[in-house]
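The values are calculated or read from the model by the stated rules, or taken from the named source; none is laboratory data. Small disclaimer: the values here were computed from a predicted structure and weren't measured. Cβ placement follows ideal geometry from the backbone for every residue including glycine, while neighbour counts extend to all protein chains displayed. The area values use the complete protein model at the heavy-atom level, side chains included, leaving out ligands, DNA and RNA. Shrake-Rupley method; radii C 1.70, N 1.55, O 1.52, S 1.80 Å.
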Amino acid sequence: MDTLAPGILLIADPFLKDPNFARTVILLCEHQEEGSFGFVVNKQFDQKLDDLISNVFVPNIPVYLGGPVQMDTIHFIHQMPDLIEGGFEVFPGIFWGGDFDAVVNLVNSQQLDLQKIKFFVGYSGWSSGQLEGEMNEKSWILSSVNTPILFLENDQEIWRQALRRMGNNFAMMANFPIDPTLN
């Protein structure tokens, strides 16, 4: 896979040094000439949803660090368009955003399947041509979306699983040490 488009996974190269993106998997939600954005799906944030949103009463719902841009914003992806209106379909069956007030009410009334929604603080963004430049530098490996990987509970396994499902040539990368000089 070599085409940037909404619904593509960006899997960080094992040796990517940028601390914001080391060993991450990003769901690309938008890619246009003006720029691109997406969410890191495998880095849990140190606060829960009820810590960030005062009118959320259900404790311990994880929030992920979507990226280093606009850390004062909350976003979400989900698989429940029948319950959450107004979302943008990024990939068949995967939606970004929607009516946030409705989501809060659904969370509080425990009507949401928390295995089918993921919340983020901030997002990952690239200006025009920036992501293409990172692709030329081999910073990212492109993969099609695998819905179960996006919503895995063990976020530490998402990067490894994304590589493994791409076949043997990539599967061995999943076991590369973070710093090969320490091997």
Original post:
Considering Ile94, Ile77, which residue is surrounded by 13 or more Cβ atoms within 10 Å (Cβ to Cβ) and either touching a Lys or Arg at 6+ places or on another chain (Cβ under 6 Å) or of a type in the set (Phe, Trp, Tyr) (or both)?
Top reply: Ile77
Original post:
Restricting attention to segment 65-80, does a residue exist that is in contact with a Gly (Cβ under 6 Å, 6 or more places away or on another chain), of a type in the set (Val, Ile, Thr) and over 17 Å from Val41 (Cβ atoms)?
Top reply: no
Original post:
Taking segment 81-91 on its own, how many of its residues are surrounded by 13 or more Cβ atoms within 10 Å (Cβ to Cβ) and under 19 Å from Val40 (Cα atoms)?
Top reply: 4
**OP:** Considering only segment 6-61, state which residues are within 15 Å of Ile74 (Cα to Cα) and of a type in the set (Asp, Glu).
**Re:** Asp46, Asp50, Asp51
**OP:** Can you give me the number of residues within segment 87-130 that are part of a loop (DSSP other than H, G, I, E, B), at pLDDT 95 or above and among the charged types (D, E, K, R)?
**Re:** 1
**OP:** Output the number of the condition that Ala174 fails; it satisfies all remaining conditions of (1) modelled with pLDDT of 95 or more; (2) over 28 Å from Glu33 (Cα atoms); (3) in contact with a Phe, Trp or Tyr (Cβ under 9 Å, 6 or more places away or on another chain); (4) open to solvent by less than 40 Å² (accessible area, probe 1.4 Å).
**Re:** (1)
**OP:** Just need a number here: residues in segment 1-59 that are outside any loop (DSSP other than H, G, I, E, B), in contact with a Lys or Arg (Cβ under 7 Å, 6 or more places away or on another chain) and open to solvent by 70 Å² or more (accessible area, probe 1.4 Å).
**Re:** 0
Original post:
Residues in segment 49-80 that are of a type outside the set (A, V, I, L, M) and farther than 22 Å from Phe95 by Cβ: how many?
Top reply: 9
**OP:** Name, by its number, the condition in (1) at pLDDT 95 or above; (2) open to solvent by less than 60 Å² (accessible area, probe 1.4 Å); (3) within 24 Å of Gln44 (Cβ to Cβ) that does not hold for Asp155.
**Re:** (1)
Original post:
List the pairs whose first member sits in segment 51-64 and is at negative phi, whose second member is β-branched (Val, Ile, Thr) and assigned to a loop (DSSP other than H, G, I, E, B), and whose Cβ atoms are under 7 Å apart, counting only residues at least 6 apart or on separate chains?
Top reply: Tyr64/Val41
**OP:** Take Ile84 and decide whether it is closer than 18 Å to Phe151 by Cβ and assigned to a strand (DSSP E or B).
**Re:** no
**OP:** Could you grab me the full set of residues in segment 107-146 that are open to solvent by 20 Å² or more (accessible area, probe 1.4 Å) and aromatic (Phe, Trp, Tyr)?
**Re:** Tyr123
